[in-house]
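See below for the structure under consideration.
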Amino acid sequence: MRFFKRFKKVLWMGALTLAVSAFIPVGTSHAAAADDAHSLIQSIFNRVGLKYEVPKAKAKTPPKSDEVKPAPAPTPPPQEEGRQEQPAQPEQPTKPEQPKSSALADRIIQTGEKYLGTPYKYGASSNQTNYFDCSSFVQRVFKENGINLPRTSRQQAKVGTHVPKSQLQKGDLVFFTTSYSPNQIAHVGIYAGNNKILHTWGPGGVRYDDMNGMKWLRESYVTARRVIQ
């Protein structure tokens, strides 16, 4: 009989609980409504001598972050065994190119040398190579290297640019007087460097002579002209 009465109380309390939940104001949040209902039910159960335990709320799982994790840094490829980085080799210095004028001067001297020993003959034509006088020899050598010069030494002394004796370079034309023409230019040669000239005169024909070693060349020097540019 006691049990039946207790059971009736439980049924009555359940109906009362449903009625209470129906009167919770609309718009109340789900969490707030649940807390109010549990409190009211617990109060009613306590009045009739029944025990009511409020259910514990489940722990909420924090939402996943939208933050994008940075990609891991790429791992450098493994170096092959036994392979070592070679240090950069220093650039080898290149030899400076020889100036065109200097190279041409060398060719002119080489051209003149192939006529060493060719006999001297006054008034000889530069159209042949059996013999030369001083100006026909110079005219021939330069012509073979693409430079056209006048026929006589006096005419040749008017071409090109003047060069002081202290600044002579290989390939310059050097001019002198002679005992036959003491007051005017009458001889020409090609400066070959180191105070030497390549020219032709008298016995022996085409040869090298030292401008300071021979008295007449040293004392009869007049001027020099540069026709190689």
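At-a-glance table
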| item | result |
| --- | --- |
| Cα-projected label distance for Gln167 with Glu113, points at 7 Å along beta-carbon direction, nm | 2.8 |
| 11 Å beta-carbon shell around Pro164, net charge (K/R +1, D/E -1) | +1 |
| Cα-based shape type of segment 162-214, given that a ≥ b ≥ c are square roots of the gyration tensor eigenvalues and the cut on a/c is 1.5 | oblate |
| Residues with amide H under 5 Å from that of Asp209, placed H, sequence gap 5 or more | Ile197, His199 |
| Asn194 paired with Tyr122, simple spin-label distance in nm, labels 7 Å along Cα-to-beta-carbon | 3.3 |
| Segment 199-214 - phi-based ³J(HN,Hα) in whole Hz, Karplus 6.51/-1.76/1.60, Gly and Pro as x | 7, 9, 5, x, x, x, x, 5, 6, 9, 9, 8, 5, 8, x, 9 |
| Neighbourhood net charge (13 Å Cβ-Cβ; Lys/Arg +1, Asp/Glu -1) for Asn195 | +1 |
| Gain upon complete extension [Glu144, Ser102; 0.36 nm per residue less C-alpha separation] | 13.5 nm |
| Sulfur and carbon atoms: percent of accessible area, segment 142-229 [1.4 Å] | 48 |
| In order through segment 157-163: 3J(HN,Hα) via Karplus (6.51 cos²θ - 1.76 cosθ + 1.60), integer Hz, x for Gly, Pro | 6, 9, 9, x, 10, 5, 10 |
| Residue-normalised accessible area of segment 95-229, expressed per residue, 1.4 Å probe, Å² | 54 |
| Residues in segment 131-162 that a label on Val222 would reach, taking backbone N under 17 Å of a point 7 Å out along Cα→Cβ | 133-139, 150-162 |
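The values are calculated or read from the model by the stated rules, or taken from the named source; none is laboratory data. What you are looking at is a predicted structure, and each value in this text was computed from that prediction instead of being measured. Positions of Cβ are generated from backbone atoms using ideal geometry, with glycine treated the same way; all protein chains shown enter the neighbour counts. Protein only, heavy atoms only, side chains kept; ligands, DNA and RNA dropped before computing areas. Shrake-Rupley method; radii C 1.70, N 1.55, O 1.52, S 1.80 Å.
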